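Okay, structure first, notes after.
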Amino acid sequence: MNPMCGRCNLVVYPTEKVNCLDKYWHKGCFSCEVCKMTLNMKNYKGFEKRPYCNAHYPKTNFTAVADTPENLRLKQQSKIQSTVLYKEDFEKNKGRGFSVVTDTPEMQRLKKSQDQISNIKYHEEFEKRKMGGEAPHHHQSSNPSPAYQASPATQNYNYEPAPEPVRPAAAAPPPSAGKRYTAVYDYSAADEDEVSFVEGDVIVDVQQIDEGWMYGRVERTGQQGMLPANYVEAI
């Protein structure tokens, strides 16, 4: 079943579907709430699941609170109450030898971060030992056999660990096996990394970037770059 448009509440078909802000839109309906300028996935800004252009994006205004005598009294009262609560908590925990730490979401996040850092350091040390050829320590008897004693000539006192190998850069994703698409709408590039095309143009060497965008080359002009996936269809 085809979804409904987030603006006009009419059926959105796959060839004209734009999926953004947890809704589906017609390409003509995906426009700024204020000036109605047509937007795309590169230049829109979402606010409360509605699209806006950069010029009309709502800005949060902060209200200044006057330092009135009533506010000063409430501030002082809050400070006194905090001091009283602190003293009560101190008296309850006095003599226990430890402080009660509330298991808040922030404390859980810090604990998880510390565990991850410790795990990373452990693996780094393990890899360094592995690359340096450090052998595990074995317990030796107090009177080892002479046959197993290393001669002074074979002992290396100036051992330097080998440098860690450089990890090669990730290879670029391969092209999509020569897939060819044809344009079903005209499109004008809205950014430097996009390509323009007209209806009927053939797009070759297409790679799927995500659900809404592809990368390919316009066979007619030779230009290559990003293009919206809902403006083309496979041949």
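The values are calculated or read from the model by the stated rules, or taken from the named source; none is laboratory data. Being a predicted model, the structure only gives us computed values, none of them experimental. For neighbour counting, all protein chains shown are included, and Cβ atoms are generated from backbone atoms with ideal geometry for every residue, glycine included.
Summary table
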{"item": "Cβ pairs under 7 Å, 6+ apart, first in the range 186-214 and touching a residue at least 60 places away in the same chain (Cβ under 8 Å), second in a strand (DSSP E or B)", "result": "E194/G225; E194/M226; E194/L227; E211/N19; G212/N19; G212/P228; W213/M226; W213/P228"}
{"item": "Among the candidates C35, C29, residue that is in a loop (DSSP other than H, G, I, E, B) and either surrounded by 12 or more Cβ atoms within 10 Å (Cβ to Cβ) or among the small types (G, A, S) (or both)", "result": "C29"}
{"item": "In the range 109-123, the residues that are of a type in the set (D, E, K, R) and at pLDDT below 80", "result": "K121"}
{"item": "Residue in the range 17-26 that is surrounded by the most Cβ atoms within 10 Å (Cβ to Cβ), counting only those that are within 21 Å of the chain's Cα centre (by Cα) and among the hydrophobic types (A, V, I, L, M, F, W, C)", "result": "C20"}
{"item": "Condition check for P173: within 30 Å of N43 (Cβ to Cβ), modelled with pLDDT of 50 or more, surrounded by 10 or more Cβ atoms within 10 Å (Cβ to Cβ) and not β-branched (V, I, T)", "result": "no"}
{"item": "Enumeration of residues in the range 40-57 that are of a type in the set (A, V, I, L, M) and surrounded by 14 or more Cβ atoms within 10 Å (Cβ to Cβ)", "result": "M41"}
{"item": "Count - residues of the range 192-212 that are more than 15 Å from N230 (Cβ to Cβ) and touching a helix residue (DSSP H, G or I) at 6+ places or on another chain (Cβ under 6 Å)", "result": "0"}
